[in-house]
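Colleague: Would you mind keeping the following structure in view while I ask a few things?
The values are calculated or read from the model by the stated rules, or taken from the named source; none is laboratory data. Keep in mind that this is a model prediction, so the values were computed, not measured. As a convention, Cβ positions derive from the backbone with ideal geometry for all residues, glycine included, and neighbour counts pool all protein chains shown. Ligands, DNA and RNA are stripped out before the accessible areas are found, and what is left, the full protein with its side chains, is counted by its heavy atoms. Shrake-Rupley method; radii C 1.70, N 1.55, O 1.52, S 1.80 Å.
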Amino acid sequence: VTAGMRVRTGPDGHALLTFPDGSTAALDPATDVQVEQLSAGTPRQVQLRQFSGHLWNDVVSDARVGATYEVHTADAVVQVHGTVFETAVENGQASVATSEGNVDLLLGADRVPVPAGEVIRTAGGRVAERAALSGVGSLTVNAPFTAALISERGEATGARTDGAIFRQIRGVTTSNPGAGAQRFDFQNVDPGTYTLLLQRFDSR
């Protein structure tokens, strides 16, 4: 995928875009996204334009000056530096839901923060609704194991024994097992069968 390319999924289609720094954007069915800017250099520069559907973004933290990761809709711009969030465009309305980290929503000259656990819906370039995300449960895995959850489509959220974290499944986040017990949190997860993969590591 290069700058200028447009990616569309069909009614039953899914896609996963992986950027040079390891950030990912997962497309749900009936999602239409254009990659407007993409730089593999330093700092990271990713700009997406979302026309429809749902986009689940896992953005690697990058605090360097000039680093950007943006999702543009018809009337809003979502800006982040390192976080997990979802953007949706349906029936002419856009929404952004933050699962982890902090997100800024730009509406004209206004900058609206969307903290973790909240969703904002926009209409006509203004905030139409602000609400709390509803969690549906959690799962904790203790040492000496790291865990990954794998969907029927092959998307995965979890951690490797080398400390790498990946969050590709929409509605599922995970903590870093290097900071204690690994916890999975679930919000608006698609129905289906998920496989939990455990990897043992040396806890000495």
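Colleague: Which members of segment 107-135 meet the condition of being open to solvent by 60 Å² or more (accessible area, probe 1.4 Å), in a loop (DSSP other than H, G, I, E, B) and without any contact (Cβ under 8 Å) to a residue 24 or more places away in the chain?
Modeller: G108, A109, listed by residue number.
Colleague: Against the definition (within 19 Å of S99 (Cα to Cα) and either charged (D, E, K, R) or touching a residue at least 60 places away in the same chain (Cβ under 8 Å) (or both)), how does I169 come out, yes or no? Spell out the reasoning first.
Modeller: Working: within 19 Å of S99 (Cα to Cα): yes; either charged (D, E, K, R) or touching a residue at least 60 places away in the same chain (Cβ under 8 Å) (or both): yes.
Considered against the rule, which asks whether it is within 19 Å of S99 (Cα to Cα) and either charged (D, E, K, R) or touching a residue at least 60 places away in the same chain (Cβ under 8 Å) (or both), I169 comes out as yes.
Colleague: Just to be sure, is T122 touching a strand residue (DSSP E or B) at 6+ places or on another chain (Cβ under 7 Å) and farther than 28 Å from R183 by Cβ? It would help to see each step written out before you state the result.
Modeller: Numbers: touching a strand residue (DSSP E or B) at 6+ places or on another chain (Cβ under 7 Å): yes; farther than 28 Å from R183 by Cβ: yes.
For T122, the condition - touching a strand residue (DSSP E or B) at 6+ places or on another chain (Cβ under 7 Å) and farther than 28 Å from R183 by Cβ - is met.
Colleague: Further, regarding this structure: Can you tell me which residue within segment 36-57, out of those that are aliphatic (A, V, I, L, M) and over 16 Å from the mean Cα position of the chain (by Cα), is farthest from V7 (Cα to Cα)?
Modeller: Pass one, segment 36-57, residues aliphatic (A, V, I, L, M): 38, 40, 46, 48, 55.
Remaining after also requiring over 16 Å from the mean Cα position of the chain (by Cα): 38, 40.
Details: L38: 14, A40: 19 Å.
It comes out as A40.
Colleague: How many residues does segment 120-148 hold that are within 28 Å of T195 (Cβ to Cβ) and among the aliphatic types (A, V, I, L, M)? Don't jump to the end; show me each part of the working.
Modeller: Narrowing segment 120-148 to residues within 28 Å of T195 (Cβ to Cβ): 133-148.
Right, trim to among the aliphatic types (A, V, I, L, M) and you get 133, 136, 139, 141, 143, 147-148.
The total comes to 7.
Colleague: Checking Q50 against (1) open to solvent by 10 Å² or more (accessible area, probe 1.4 Å); (2) of a type outside the set (V, I, T); (3) modelled with pLDDT of 95 or more, which single condition isn't satisfied?
Modeller: So the condition that Q50 fails would be (1).
Colleague: Taking only segment 138-183 into account, find how many residues are over 19 Å from S23 (Cα atoms), assigned to a strand (DSSP E or B) and either hydrophobic (A, V, I, L, M, F, W, C) or open to solvent by less than 40 Å² (accessible area, probe 1.4 Å) (or both).
Modeller: Number satisfying all stated conditions: 6.
Colleague: Also: Go through segment 1-22 residue by residue and tally those that are under 18 Å from F85 (Cβ atoms), among the β-branched types (V, I, T) and open to solvent by less than 50 Å² (accessible area, probe 1.4 Å).
Modeller: 0
Colleague: What is the number of the single condition among (1) at pLDDT 95 or above; (2) part of a strand (DSSP E or B); (3) surrounded by 15 or more Cβ atoms within 10 Å (Cβ to Cβ); (4) not basic (K, R) that A30 does not meet?
Modeller: (2)
Colleague: Considering each of V59, V65, V71, V78 in turn, give the residue that is of a type in the set (A, V, I, L, M) and either modelled with pLDDT under 90 or on the phi > 0 side of the Ramachandran plot (or both).
Modeller: On the way: V59 fails: either modelled with pLDDT under 90 or on the phi > 0 side of the Ramachandran plot (or both); V71 fails: either modelled with pLDDT under 90 or on the phi > 0 side of the Ramachandran plot (or both); V78 fails: either modelled with pLDDT under 90 or on the phi > 0 side of the Ramachandran plot (or both).
Step by step, each of V59, V65, V71, V78 is checked, and only V65 is of a type in the set (A, V, I, L, M) and either modelled with pLDDT under 90 or on the phi > 0 side of the Ramachandran plot (or both).
Colleague: Looking at A88, A74, A67, A25 in this structure, which one is open to solvent by 20 Å² or more (accessible area, probe 1.4 Å) and hydrophobic (A, V, I, L, M, F, W, C)?
Modeller: The unique qualifying residue is A74.
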